[in-house]
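Below is one structure, written out as structure tokens, with a few remarks after it.
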Amino acid sequence: MKKVGFLTSGGDCQSLNATMRATVKALCDTYKEIQIIGILDGYKGLIYGNYITMCEKDFEGILSLGGTILGTSRQPFKQIQRLEENGFDKIEAMVRTYNELALDCLIILGGNGSHKTANLLSTKGLNIITLPKTIDNDIWGTDVTFGFYSAVDVATYAIDCIHTTASSHSRVFVVEVMGHKVGWLTLHAGVAAGADAIIIPEIPYDIHKIADLIKRQKEAGKNYTILAVAEGAKSVEDSQLTKKEYKEKLKGLPYPSISYKIGEEIEALTGEEVRITIPGHMQRGGGPNAYDRILSSRMGSAAAAFVKEGMFGYMVGIRNHELVPVPLYEVAGKLKQVDPDSAFIKEIKDLGIVFGD
């Protein structure tokens, strides 16, 4: 009997269930006898041996269901490697759980941090296959991650809604979109929703250039401005600081997030009323859109094929619309960022959208 474990790790997103469903359907089509082990609450479940035995029926009716039926948790890579005060070794515990369950392989659905741990477990001799999950679309080695375009839909809708109220009240609106380290989500949602300015971590902004945009639009007869701002956006000045220096600076700022700082500076420079909107975790919520359901179905099928072929130590990636195996050691520790010099950015700038650079 084939015995396959599933684990969802890190932040949730809209297509985790759809991807597990597809993988299980393809596995059950391949193997007459198979047992599915669902590891509960991410790596925490693997560490402490919390799991359930499942079958194909448990994955029925979840194609359109957001979140994850297995639960998830964040287990930072640095903390996983650190011994607890009583000497408890979390990595050793995960290996032990895997062996005690006698798994033939473990399929991990996760983002950047999850892939670091997955690669580590792979080097410990565990048969690991991963699937790239994140609304941030920042996993190296794949053109797109499942969950991304569903989150783009939510963020786009949020900005769409702001257009009418911003126009009615002649205000400047800052819509803060998720993305601490990369701006893929803000970039796509900002373009799709017709934002006037898009501020992302990869392109440090000059607040005076944002203020100039607002003034120009006012003079041209447009009575409102909408800024799509990534939560990890940085000013030109802050981008010169070290990571440690920037963290210390943030601790001393009287703002709940970067958007409030930008809003206050805009009011001071332009005299315009500014309002802040933060969709927050709505962007992770709800069911997957059609694109993600299709992507999840394809990736799940590919993961099952990897199991059949014994291709362990790989992530299922997609490049130029084709599914490809990507070695975990190539994925772990890398971040796929927006290229400020890309044709995409140039094309968007040609539309008159300002990035603040």
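The values are calculated or read from the model by the stated rules, or taken from the named source; none is laboratory data. No experiment lies behind these values; they were computed from the predicted model shown. Don't worry about glycine lacking a Cβ; one is built from the backbone with ideal geometry, like all the others, and counts go over all protein chains shown. Surface accessibility is based on the protein's heavy atoms, side chains included, excluding ligands, DNA and RNA. Shrake-Rupley method; radii C 1.70, N 1.55, O 1.52, S 1.80 Å.
Miscellaneous remarks
- Qualifying chymotrypsin sites (Phe, Trp or Tyr not before Pro) in the range 32-108, DSSP loop, other Cβ atoms within 10 Å at most 15: Phe88
- Compared with the dominant Cα axis of the chain, that is its longest principal axis, helix 148-169 is turned about 20°.
- Rg and Dmax of the range 203-312, both derived from C-alpha coordinates alone, stand at 21.1, 64 Å.
- The longest part of the chain holding none of the exposed loop GluC sites (Glu not before Pro), meaning those outside H, G, I, E and B in DSSP with at most 12 other Cβ atoms within 10 Å, is 86-236.
- Portion, in percent, of the accessible area of the range 5-137 that falls on carbon or sulfur, probe 1.4 Å: 43
- Extreme residue, positive dipole direction of the range 69-139, given options Pro132, Ile107, Leu121 (C-beta unit charges): Pro132
- Accessible carbon and sulfur surface of the range 305-352 relative to its total accessible area, %, 1.4 Å: 50
- Surface composition of the range 153-226: carbon and sulfur make up 53 percent of the accessible area, probe 1.4 Å.
- A straight chain from Met311 to Tyr291 at 0.36 nm per residue would run longer than the Cα-Cα distance by 4.6 nm.
- Solvent-accessible surface of the range 148-199, averaged per residue with a 1.4 angstrom probe and all protein chains in place: 32 square angstrom.
- Exposed trypsin sites (Lys or Arg not before Pro) absent: longest stretch of the chain, with sites in DSSP loops and at most 13 other Cβ within 10 Å deemed exposed: 223-357
- Computed from Cα atoms, the angle from the helix 207-219 axis to the main principal axis of the chain rounds to 60 degrees.
- Counting Cα-Cα pairs of the range 86-215 in 10 Å increments starting at 0 gives whole-percent bin shares of 11, 30, 24, 17, 12, 6, 1.
- Using the Cβ-Cβ distance between Leu335 and Cys161 with R0 = 30 Å, the FRET efficiency computed as 1/(1 + (r/R0)^6) comes to roughly 0.45.
- Per residue solvent-accessible surface (Å²) - the range 54-141, probe of 1.4 Å: 44
- Separation of alpha-carbon centers, the range 293-357 and the range 24-94, rounded to whole Å: 23
- For the pair Lys57 and Phe88 in one chain, pulling the backbone fully straight at 0.36 nm per residue adds 7.5 nm over the alpha carbon distance.
- Helical contribution to [θ] at 222 nm, DSSP H n ≥ 4, -39,500 (n - 2.57), averaged over the chain, rounded to 500: -12500 deg cm²/dmol
- Residue pairs, from the table Lys133/Lys346; Lys244/Lys334; Lys57/Lys133; Lys215/Lys243; Lys44/Lys249, whose Cα atoms sit over 25 Å apart: Lys133/Lys346; Lys215/Lys243; Lys44/Lys249
- Shape call, the range 35-84: gyration tensor on alpha carbons, a/c limit 1.5: oblate
- Taking a point 7 Å out from the Cα of Lys346 in the direction of its Cβ, none of the residues of the range 175-201 has a backbone N less than 13 Å from it.
- Taking the range 320-355 and a reference point 7 angstrom along Cα→Cβ of Gln81, the backbone N atoms nearer than 18 Å belong to 328-335.
- Among Ala332, Ala220, Ala305, the largest mean-square fluctuation in a Gaussian network model of the chain, built with springs joining Cα atoms closer than 10 Å, belongs to Ala220.
- Between the Cα long axis of helix 290-309 and the first principal axis of the chain there is an angle of about 30°, rounded to the nearest 10.
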